[in-house]
Structures are given as structure tokens and as C-alpha cells.
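First comes the structure, then the notes that go with it.
The values are calculated or read from the model by the stated rules, or taken from the named source; none is laboratory data. The structure presented is a predicted model; accordingly, all values stated were derived computationally and were not measured. Glycine also receives a Cβ, built like all others from the backbone with ideal geometry; neighbour counts cover every protein chain displayed. Heads up: the accessible areas ignore ligands, DNA and RNA and are worked out on the full protein's heavy atoms, side chains in. Shrake-Rupley method; radii C 1.70, N 1.55, O 1.52, S 1.80 Å.
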Amino acid sequence: MDGNEEEQQQPAEVAPTPAVRRVPRSLAALVRRTGRALAGRSRRADGTEHPRPSRRRRLAVALAVVVVAFAGVIIGTLLGGHVRTDVGPFQAEMSIAPSTTGETTVRIPPLGALEIDSHRGPVRLTVQLGSLDQRRTEALIDDPASISRASQSAVHDVTDGVIRLGLRTVGAALLATLLLAALAFRDVRRVAWSGLLSLVVVGAALGTAALTMRPQAIEEPRYEGLLVNAPAIVGDARRIANDYSKYSEQLQRLVANVSKLYTTVSTLPVYQPAPGTARILHVSDMHLNPTAWSLMRTVVEQFNIDAVIDTGDITDWGSEPEASFVGSIGLLGKPYIFIRGNHDSPATAAAVGRQPNAIVLDNSITTVAGITIAGIGDPRFTPDKSTSPGGGNLTQPTADQLIGSSEKLAGTVRGANPPVNIALVHDPASAGPLAGTCRLVLAGHLHRREVSRLPQTPGAMPTELMVQGSTGGAGLRGLEGEKPTPLTMSVLYFDPQKQLQAYDDIQVGGTGQSQVNLERHVISDPAVGDKSVPVTPTPTR
């Protein structure tokens, strides 16, 4: 009995209470619980796993592996599927993203994009062109053989970039899948199967894209954004490329001919610059042609230039990648006075203003080499075909805009002390209000030289209008015709009294030969006009 009483006095064993399910405290816990649920791993009240029917469990595990593998591939591709590479003179970024249509997108911010039906498959290749490397760009011009090498190099650059992009994408997708599987399963075999499946998925996607590649698709791009205007602006790209290859071979000999000019003209008895003469180089409308910088440097050195005046359109689209083109301003080593053209954006003007020797005028005045200069930028920013020199569609609102801008500058010039010697506008259509405010107005925009006298205001001084051609040969536009547009610039000579005494018009190329022409104009009497002495160095063939 005593023994029984002792047994009865012992406390009865307390049945284990069901475990209280707790809210996951981290993403890892949530992923593990989701993995167990997909794999059919429920738990009994005592915490042990309760297996479900074998076939259903295997199916759930396989489904979980597939889901994790695909999720890892997508996450890894989005996070790691991009590389930076150089393509010709551009710095570019390539990236891969999942897609249902394939294709390749070439983005040229802020101009727009090219859509190319390059391949099939569940991946889209995006190439975003960044800044333009000035050194590599000038190398394309300075070395004739570099043009052909550049095309081969660009193909190699793209191929190398795509290979590196593919390898990086595979690695990123595999790593993301393994990490995700480890969080979901905590089972080595399932993690391994997930990683293997991710390799199969990525390999199949990239392999499909490679096998369905259509290289000829690059000849049939779809344009978006401002690039919709590109075919109309530059004409047939293949013909221009062929013309440029021929023209660039001739341009290599031009700098040597320019070097002969100063020796030739300095011996002319017609006009000998006196001590104290200020020499100003007038350029305009370079339109991204790197050759212009080489020619300008030679003229600056050979003619002992004191300052350079640029009346606008230094770029084509005013985009951020084009801003690196202005980096050569500093190499001239002379004051560089600039006004915006209709192809130059405020960002372009800001990039010019950051150069150590540059002065950007916008209804403002500066004095260099003793010459007082006032200028204002073009009020428009219209980098398209409708405002090209050959557009011929100056509407009344546009004319009013130009005249209003020039009237503002005229007011600034009238109030200047000391008096302004030169006024700058981009479009000569806006020069009218400046008549009688100063003796000389410089402009560009037309891509052809013109010299005329503005309608004289009674009792006011006469005002000459000198329109420069294109120092960049109109860029790619200059290759649309049968002959390239010549590269032009002028050297202006001012005596110590700030009066224009003579000017040399320099023309490079444009005849199908490697020829440099110079024509000196001596201003004997403003009322009579000037007399010209042409100088043509022997062409180098």
C-alpha cells in the first residue's frame, strides 16, 4: 500500500503543449519556412517533421528547386549582368535583362535610341554610349590607317564586351541562385541541383541568343527620340562613311600645307602687319570635327594669333557625351571667346566655360588683346534639320526671336565703355539691330562665307558683317554632297587704334585634293572697299 501511495503522490507527467508558431524575424527565416512548405515538410506538435506521400513530396521539392533557380537567375542577371567597355572612341556600358522579344537597344543619351532586331531569345542586350574620348577621336583623324583599324577594333571591342558580359551574367546568376537556395533549403543536394539548373537556364538563354544572331539587322535599325531625324541629317550612312574614309586620307596632308601659308603671306608687300597689330582667328560651326583642332593649332602657332573667336555650333546635338569635344580649347593656349549656336545647349556653353582659357559671352562684354568684344548666344536650341543652313524656313516667330536677342545685345553695346570693337551673333539674320553700334559684326551658321555692309543708320558709323563658313566642314553634313564642304577660318588684323586693316581667308580642302587656299583682303578705305590677293600653296598629292 505504501508503495502505491508513493506512486499516487508522484506528480503526473504534463503532456507537452503544442508549439506556438512564431512570426519569422528575418528574411532568412521566411525563406526557410517557404522552402519547407514548398517541399512538403510540415511539423508535428512535438516539433518533428511529418513526411507526406513520397511522390507528392518529390514533386514539391522539384518545383521548389525550379522556382528558386529561376528566381536566382533573374535576380543575378539584373544585379550583375552589366560591364563597362570601350567601343571605338566611346566609353560604353553593356547590360543584359530578361525579355520576351530579344533585340538590342543602343542608347545615346539624350538623343534617343536605336532598336535592332538582332536576335531571338529571352534576353535583351542594351548598349549605352557614354562620353567620347577626345584622344582616341583625334587619333582617328591624325592617322589615315586608324580609320580602317577603328572599324576592326570596334568589332573586337563589342565582341570582347559581349563575351565578358556573358561570363559575368553566368557567374552572377549562379551565385544568386546558390545563396537563395541555401536560405530556402539548407540542404546541400537541393542547393547543388538549384545551381545546376540555373546554369542550364542561363546557358540556354544566352545560347539561343547567340544561335539566332542576325548581324545584318544593324542595317535596319528603328530610331527613337531625336535620332528619328538622324537619317535625314546625315544621309546614307554607308556612303558617308566611304566618302569620309577617302576624305580623311587627304586631310592628313593639309596641316603641312597650312604651315607653309605664313611663310608665303608674310613676304607679300601689300600689307605688312605693324608692331602692336592684334591678330584674331575667327572660327565657327565646327560640328564635332576633330580635324578642326589640328588646323586651328597650326594657324595659331604660324600666324601668332592673340585670341580666337568662335561664333557657335561647336557641337551637333549639345549632348553631354559631346561636351568632351571642347577639351581641346585649352590646348590652343590663347583666349577663346565663345557664343552658343543653335546646336549648342546650355550644357555645351558650361563645358566651354570650364576651360581655363575660355570666355563665354551671353549679352556680355570682354576685352582681349586690347579688342573689346560683345556677344550673345543664339536664343534657340534646335539641333535638327529644320534649322540647318539649308533649311530656308525662317518663320516670323523665329525671326522675331532672333531680332529680339540682337536688340538686347545692341543695347548692351551702346552702353559699353570703352566702345565695343566687335559684336558676335551666331545667325547673321539677327545682325540688323547692331548696325551703327560698332564697326564689325561676326557671325556663322550659313556654312559659307559672306561679307557685306549692314544698312547704315544716318549719322552712325558703318558696320561690316563678316559671316564665317564652317571650320569643321559642316561635320557629317559636309559629306552629303558630291564634294566635301571646305574647312574655313579667317585671321583678322587690327591696328593699335582697333581698326580692321586686313583679313586672311583660309580654306582647307573641299576641292577633292589636299589643297590649302588663302586670300588676303586689305582694307584700304572703308568707303572704297578692300582689295584681295589670293595665295594658293601648291597642292600636295
**Message:** Could you go through region 389-402 and let me know if any residue there is in contact with a Gly (Cβ under 6 Å, 6 or more places away or on another chain) and surrounded by 21 or more Cβ atoms within 10 Å (Cβ to Cβ).
**Reply:** no
**Prompt:** Can you name every residue in region 449-463 that is at pLDDT below 90 and more than 16 Å from P433 (Cβ to Cβ)?
**Reply:** G459
**Flag for A307 being under 28 Å from the mean Cα position of the chain (by Cα), at pLDDT below 90 and either surrounded by 24 or more Cβ atoms within 10 Å (Cβ to Cβ) or not polar (S, T, N, Q) (or both)** = no
**Prompt:** Checking E220 against (1) farther than 30 Å from V68 by Cβ; (2) open to solvent by 90 Å² or more (accessible area, probe 1.4 Å); (3) modelled with pLDDT of 80 or more, which test does it fail?
**Reply:** (3)
**Message:** Step by step: first the residues of region 506-541, then only those that are at pLDDT 85 or above and under 14 Å from L295 (Cβ atoms), then the one that is surrounded by the fewest Cβ atoms within 10 Å (Cβ to Cβ). Which residue is that?
**Reply:** Q507
**Prompt:** Within region 323-354, can you find the residues that are part of a loop (DSSP other than H, G, I, E, B) and free of Cβ contacts under 8 Å to residues at least 24 places away in the same chain?
**Reply:** R354
**Prompt:** Going through region 282-321 one residue at a time, which ones are among the hydrophobic types (A, V, I, L, M, F, W, C) and under 17 Å from P383 (Cβ atoms)?
**Reply:** M286, L288, I314, W317
**Request:** For region 433-449, enumerate the residues that are under 13 Å from M489 (Cα atoms) and out of contact with any helix residue (DSSP H, G or I) (no Cβ under 7 Å at 6 or more places or on another chain).
**Result:** L442, G444, H447, R448, R449
**Request:** Tell me, yes or no, whether region 104-121 has at least one residue that is in a loop (DSSP other than H, G, I, E, B), under 25 Å from V200 (Cβ atoms) and either at pLDDT below 60 or in contact with a strand residue (DSSP E or B) (Cβ under 6 Å, 6 or more places away or on another chain) (or both).
**Result:** yes
**Item:** Hits in region 153-178 (condition: touching a Gly at 6+ places or on another chain (Cβ under 8 Å) and surrounded by fewer than 18 Cβ atoms within 10 Å (Cβ to Cβ))
**Value:** S153, A154, D157, G171, L175
**Request:** Would you check which residues across region 279-294 are out of contact with any His (no Cβ under 9 Å at 6 or more places or on another chain), open to solvent by less than 10 Å² (accessible area, probe 1.4 Å) and either of a type in the set (F, W, Y) or modelled with pLDDT of 90 or more (or both) and list them?
**Result:** I280, L281, H282, V283, M286, W293
**Asked** List pairs: first in region 310-322 and within 19 Å of A374 (Cβ to Cβ), second of a type in the set (D, E, K, R), Cβ under 7 Å, 6+ apart or cross-chain?
**Response** G312/R340; G312/D344; G312/D378
**Prompt:** Would it be correct to say that A62 is over 16 Å from the mean Cα position of the chain (by Cα), open to solvent by 20 Å² or more (accessible area, probe 1.4 Å) and in contact (Cβ under 8 Å) with a residue 40 or more places away in the chain?
**Reply:** no
**Considering residues of region 305-318 that are in a loop (DSSP other than H, G, I, E, B) and touching a helix residue (DSSP H, G or I) at 6+ places or on another chain (Cβ under 8 Å) only, the residue farthest from G444 (Cα to Cα)** = I305
**Fill in**
A careful count of residues in region 355-371 that are open to solvent by 40 Å² or more (accessible area, probe 1.4 Å), touching a Gly at 6+ places or on another chain (Cβ under 6 Å) and either in a helix (DSSP H, G or I) or over 21 Å from H445 (Cα atoms) (or both) gives 1
**In region 196-206, residue most open to solvent (accessible area, probe 1.4 Å) [restricted to those that are touching a residue at least 60 places away in the same chain (Cβ under 8 Å) and under 14 Å from A71 (Cα atoms)]** = L197
**Any chance M466 is open to solvent by 10 Å² or more (accessible area, probe 1.4 Å), of a type in the set (A, V, I, L, M) and modelled with pLDDT of 90 or more** = yes
**Request:** Residue by residue through region 160-184, note down the ones that are more than 17 Å from I74 (Cβ to Cβ) and of a type outside the set (A, V, I, L, M, F, W, C).
**Result:** D160, G161, R164
**Request:** Would you check if I365 is over 31 Å from the mean Cα position of the chain (by Cα), modelled with pLDDT of 95 or more and under 18 Å from I337 (Cα atoms)?
**Result:** no
**Fill in**
Condition set within 19 Å of P458 (Cα to Cα) and basic (K, R), scope region 403-448, selection surrounded by the fewest Cβ atoms within 10 Å (Cβ to Cβ): answer is R414
